[in-house]
Amino acid sequence: SKLAALFEHPLYNIPIPEVTEKDKLFIVNPMEKFSLHSSGSDEWVSSSKAETLLPTGKTAYDTYPTWLKFHVGINRYELYPRRDPLLPTLLWDLATQRIISSVQKSGGTQLKLIMTFPNYGQALFKPMKQTRDQETPIDFFYFSDFERHNAEIAAFHLDRILDFRRIPPVSGRLVNITKEIRDITTDKKLAKTFFISPAGNVCFYGECSYYCSTEHALCGKPDRLEGSMAALLPDKTLAKRRSWRSPWRRSYHKSKKAEWELNPNYCAQVRETPPYDRGHRLLDLIDMTILDFLMGNMDRHHYETFEKFGNDTFLLHLDNGRGFGTHSRDEPSILAPLQQCCSIKKSTYLRLQLLATQPYRLSDLLREALAADPLAPVLAEPHLWALDRRLGKVLAAVRHCLAR
């Protein structure tokens, strides 16, 4: 296994700083068994219901379902550990746990569902909108592109291979539209959008600002539909997150350009602006830029952090559905922060160099990681080949900076 060998490499065993109590997202009472207290949010249930269904164990931690262990493990430095024994179990739960509730997630431009499991874990479901080999048409603007379920799955594994570990775990899943969405939804607006197509397939389209119409309906075969299931982060009432506008955000206008596209010295003013004027925030943003360039994602307008950790923490790489849309062309403008600032973490640069060598070729590692997903093959081969080409371009950009 190339993947196992990669995670044994010294560059993947650099220790994180010691995690103190204040570095943990949650301080847990080791004596308290698992219960869910109502927080005024629909995503949580009363503890009296929870106690009837939960596993028992020798310690309180043993009573926690896997999704809660994932939440409890989040700290200032990482979303989950490199050698996380929970990861295979959590991915398995996302792919197989019985779905007891499906409602549409509010907000966003395209249809997404919140799925709830019997152990009160929840996942964000993004349905399949196009086949693996369909590329984004060249005349499409980035902001009107489809969100792809397989891009969410591949982004999680790519993020882990780069050792960022800033994307919540994602698994592919085949969902029965009739039994696991239509028959159990309490969402009246969603329920009104189901219909049977002329071909006899079960379809629905929900309500959203893009692609929620009969013409863009999601249809099963006859009621089986692929999608990505992403583990939800802790409820915002329990762990507040802050949303930050990316300094290299695109204009989201058909003809206007953003300031960074017109000013080659744009990075100098970013460096003087909080929170980029101190700490490693700018370097973390450049990490995210490299991830986005590798998967061709032009839609990174915001990112989030956990409010508790202030400025000194990692960035959450959420919402990656617009990645992996094209393999035949690259988008150099995504790399603008790296090219304009000429800065990169040494650890990131060393890992990228490693991933360009034959024993640890990036495309081989991602292919191996995705082979275990229930929806394998997750990516068409040309997307994997494009990764190696793009990695070469990232390294060339760093070499250019070093030469300057």
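The values are calculated or read from the model by the stated rules, or taken from the named source; none is laboratory data. What you see is a predicted model; the values in this text were computed from it and never measured. Here the Cβ positions follow ideal geometry from the backbone for every residue, glycine too, while neighbour counts run over all protein chains shown. For accessibility, only protein heavy atoms count, side chains too; no ligands or nucleic acids. Shrake-Rupley method; radii C 1.70, N 1.55, O 1.52, S 1.80 Å.
Please go through the range 222-265 and give me each residue that is outside any loop (DSSP other than H, G, I, E, B), over 30 Å from Asn176 (Cα atoms) and without any contact (Cβ under 8 Å) to a residue 60 or more places away in the chain, ordered by number.
Of everything in the range 222-265, those that are outside any loop (DSSP other than H, G, I, E, B), over 30 Å from Asn176 (Cα atoms) and without any contact (Cβ under 8 Å) to a residue 60 or more places away in the chain turn out to be Arg245, Glu259, Leu262.
What is the residue count in the range 266-299 for residues that are within 15 Å of the chain's Cα centre (by Cα), assigned to a helix (DSSP H, G or I) and surrounded by fewer than 21 Cβ atoms within 10 Å (Cβ to Cβ)?
0
Hey, Asp62 hits all of (1) assigned to a helix (DSSP H, G or I); (2) at pLDDT below 60; (3) surrounded by 11 or more Cβ atoms within 10 Å (Cβ to Cβ); (4) not hydrophobic (A, V, I, L, M, F, W, C) but one; which does it fall short on?
For Asp62, the failing item is (2).
Tally the residues that are over 23 Å from Ala154 (Cα atoms) and touching an Asp or Glu at 6+ places or on another chain (Cβ under 6 Å), restricting the search to the range 202-241.
4
If only one of Arg361, Arg367 is free of Cβ contacts under 8 Å to residues at least 24 places away in the same chain and more than 30 Å from Asn265 (Cβ to Cβ), which one is it?
Working: Arg361 fails: free of Cβ contacts under 8 Å to residues at least 24 places away in the same chain.
Result: Arg367 is the single residue among Arg361, Arg367 that is free of Cβ contacts under 8 Å to residues at least 24 places away in the same chain and more than 30 Å from Asn265 (Cβ to Cβ).
Which residues, taken from the range 309-326, are touching a Phe, Trp or Tyr at 6+ places or on another chain (Cβ under 8 Å) and open to solvent by 40 Å² or more (accessible area, probe 1.4 Å)?
Hit for the range 309-326 is Leu318, nothing else.
Which of the residues spanning the range 327-342 are more than 12 Å from Ile290 (Cα to Cα) and either open to solvent by less than 60 Å² (accessible area, probe 1.4 Å) or within 22 Å of the chain's Cα centre (by Cα) (or both)?
Of everything in the range 327-342, those that are more than 12 Å from Ile290 (Cα to Cα) and either open to solvent by less than 60 Å² (accessible area, probe 1.4 Å) or within 22 Å of the chain's Cα centre (by Cα) (or both) turn out to be His327, Asp330, Gln340, Cys341, Cys342.
Pick out the one residue from Ile196, Ile99 that is more than 24 Å from Pro382 (Cα to Cα), among the hydrophobic types (A, V, I, L, M, F, W, C), buried (at least 19 other Cβ atoms within 10 Å of the Cβ) and at pLDDT 95 or above.
Matching residue, one of Ile196, Ile99: Ile99.
The rows are residues; the columns are (1) touching a strand residue (DSSP E or B) at 6+ places or on another chain (Cβ under 9 Å); (2) among the small types (Gly, Ala, Ser); (3) buried (at least 17 other Cβ atoms within 10 Å of the Cβ).
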position: Ile138; (1), (2), (3): no, no, no
position: Glu152; (1), (2), (3): yes, no, yes
position: Ile167; (1), (2), (3): yes, no, yes
position: Ser171; (1), (2), (3): yes, yes, yes
position: Thr186; (1), (2), (3): yes, no, no
position: Ala191; (1), (2), (3): yes, yes, no
position: Cys212; (1), (2), (3): no, no, yes
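Within the range 231-258, which residues are at pLDDT below 95 and more than 19 Å from the chain's Cα centre (by Cα)?
Residues satisfying the conditions are Thr237, Leu238, Arg250, Ser251, Tyr252, His253, Lys254, Ser255, Lys256, Lys257, Ala258.
Taking the criterion of being in contact (Cβ under 8 Å) with a residue 24 or more places away in the chain, in a strand (DSSP E or B) and within 27 Å of Val378 (Cα to Cα), would at least one residue in the range 208-217 satisfy it?
The answer is no; no qualifying residue exists.
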